[in-house]
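Working notes for the structure below.
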Amino acid sequence: MKITDVKSFLVYPDTPRSTTAEGSKNKNLILLKVETDEGITGWGEANTQVDKARSIAQHITGLGRYLTGRNPFHIKHFTQMVYNDFGGKRGSFELFCAMSGIEIALWDLIGKSLNTPVYNLLGGPCRDRIRVYANGWFSGAHTPDELAQKALDTVKLGFKAIKFYPIPGPRRLFISREDERVAVENVRVIREAVGPDIDILIDVHRRLAPMHAIRVATMIEEFNPFWYEEPVSPENLDALAEVRRAINLPVVTGEALYTKIAFREVLERRAADILNPDVASCGGILELKEIAAMAEPCYVAISPHNYNSPTMGLAATIQVAAILPNFLITEYFVNFGEFGDAIAVNPFKVEEGYIRLPNGPGLGLEINEEALEDFPFRELPPRKFRIYSDEGP
């Protein structure tokens, strides 16, 4: 069997749930398909960010030129070729996303050719269902009361864990005492709304200097957060480790790190309790498995980041999560749910906070390619960033 083509599909997941009174809050997504001379195809997904989808698609096209004629079973050699030869050992978000998306599609293709789920090719499952938490549920909430209502609505969908970003304002190292107060209030109202049995996951999103990260963590501790994600940037692992030592909440990092090379130092410095690499950007299915294997003897859990659609990105995450002894929970973006239902032949369903392990070959999910035409790429308006005169003291 030989690869004959690699096709990418840039799509905008515009559905009623993804749009608020302020307009859509989504990004363009990238699905891709690898075709072979035997008619077997594999689907994958590359992680994206706002304003970067087209550059990632260009990387997929570039890599596709070097896949034509190759054996799709040679996955490990492909990723080594991408990093060493194509990339010249110069990594980037765009390169790793493109590589990850293709790698995912190759696993789907191989599983289909062997008529077995990918998890059977990786060692077999350790569980028959995957725990998920909700993200993307809070669009349009501008007050604590609105946030609390959105949280309740999300719990009613069947989620037992929800994640959000309590700190207001743009991403800056130093914040005011008022911003700290608002962050604590946001956590408080959600805890009071959902009660003690729903897990609340706090994401700081690489924003703060250690002094603020520690203060906020100390003040919200009474509300029993499930974790404290990326309190500071992983670019400074000494600072991240400093925060971890100073607080009593589990610290998460990893969504902005790519390949096991970047995760080695996190583990060596004991800078986090939980790692959250994204299968669609960290290097793919095998790379996520290897990162988890590195973390396991260090007593570090794996909770894959999944800012992707609930189709191939989630499908790949589920396949890896099934085999990991140190898996904890993974991410599900509810604002992409209707889009996933519209394009997937057999969409995943969240039941009581879990998704059942699929039994189908490959990644266990099929894409209706014709349905993608209903979600064309959208040129989004420029985001409103601050200028110098907007900055506070």
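From the list Asn308, Asn335, the lone residue that is in a loop (DSSP other than H, G, I, E, B) and either assigned by TED's automatic domain parsing to the domain that holds Glu230 or at pLDDT 95 or above (or both) is Asn308.
All conditions but one from (1) surrounded by 18 or more Cβ atoms within 10 Å (Cβ to Cβ); (2) under 27 Å from Ile302 (Cα atoms); (3) not small (Gly, Ala, Ser) apply to Leu147; the one that does not is (2). Assess whether Pro210 counts as being touching an Asp or Glu at 6+ places or on another chain (Cβ under 6 Å) and more than 16 Å from Lys163 (Cβ to Cβ). It is true that Pro210 is touching an Asp or Glu at 6+ places or on another chain (Cβ under 6 Å) and more than 16 Å from Lys163 (Cβ to Cβ).
Pick from Val279, Val320: which is touching a residue at least 60 places away in the same chain (Cβ under 8 Å), under 29 Å from Gly87 (Cα atoms) and in contact with a Lys or Arg (Cβ under 6 Å, 6 or more places away or on another chain)?
Matching residue, one of Val279, Val320: Val320.
Table: residues versus (1) part of a loop (DSSP other than H, G, I, E, B); (2) closer than 19 Å to Ile202 by Cβ.
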{"site": "Leu106", "(1), (2)": "no, no"}
{"site": "Leu109", "(1), (2)": "no, no"}
{"site": "Ile130", "(1), (2)": "no, no"}
{"site": "Ala134", "(1), (2)": "no, yes"}
{"site": "Ser139", "(1), (2)": "yes, yes"}
{"site": "Lys150", "(1), (2)": "no, yes"}
{"site": "Val155", "(1), (2)": "no, yes"}
{"site": "Phe159", "(1), (2)": "yes, yes"}
{"site": "Arg171", "(1), (2)": "yes, yes"}
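Where strands (runs of 3 or more DSSP E) fall wholly inside the stretch 182-272, no range has 1 or more residues that are within 18 Å of the chain's Cα centre (by Cα) and at pLDDT below 95.
When you look at Val50, is it at pLDDT below 95 and either assigned to a loop (DSSP other than H, G, I, E, B) or not small (Gly, Ala, Ser) (or both), yes or no? First the steps, then the outcome.
Details: at pLDDT below 95: yes; either assigned to a loop (DSSP other than H, G, I, E, B) or not small (Gly, Ala, Ser) (or both): yes.
Here the answer is yes, as Val50 does meet what is asked.
Filtering the stretch 273-288 to residues that are acidic (Asp, Glu) and in a loop (DSSP other than H, G, I, E, B) leaves only Asp273.
Got at least one residue in the stretch 379-387 being more than 22 Å from the chain's Cα centre (by Cα), exposed (fewer than 15 other Cβ atoms within 10 Å of the Cβ), closer than 30 Å to Ile175 by Cα and of a type in the set (D, E, K, R)? Among the residues of the stretch 379-387, at least one is more than 22 Å from the chain's Cα centre (by Cα), exposed (fewer than 15 other Cβ atoms within 10 Å of the Cβ), closer than 30 Å to Ile175 by Cα and of a type in the set (D, E, K, R), which makes the answer yes. When Pro297 is tested against (1) touching a residue at least 24 places away in the same chain (Cβ under 8 Å); (2) not in a loop (DSSP other than H, G, I, E, B), only condition (1) is not met.
Those residues that are hydroxyl-bearing (Ser, Thr, Tyr) and surrounded by 20 or more Cβ atoms within 10 Å (Cβ to Cβ), I need them from the stretch 114-141; list them, please.
Tyr119, Tyr133
Among the conditions (1) closer than 19 Å to Gly91 by Cβ; (2) assigned to a loop (DSSP other than H, G, I, E, B); (3) more than 12 Å from the chain's Cα centre (by Cα), the only one that Ile291 does not satisfy is (2).
If I filter the stretch 9-44 down to residues being polar (S, T, N, Q) and within 19 Å of the chain's Cα centre (by Cα), which single residue comes out as modelled with the highest pLDDT?
Asn28
The values are calculated or read from the model by the stated rules, or taken from the named source; none is laboratory data. Quantities reported herein were computed from a predicted structural model and do not represent experimental measurements. Glycine gets a Cβ as well: all are built from the backbone with ideal geometry, and neighbour counts include every protein chain shown.
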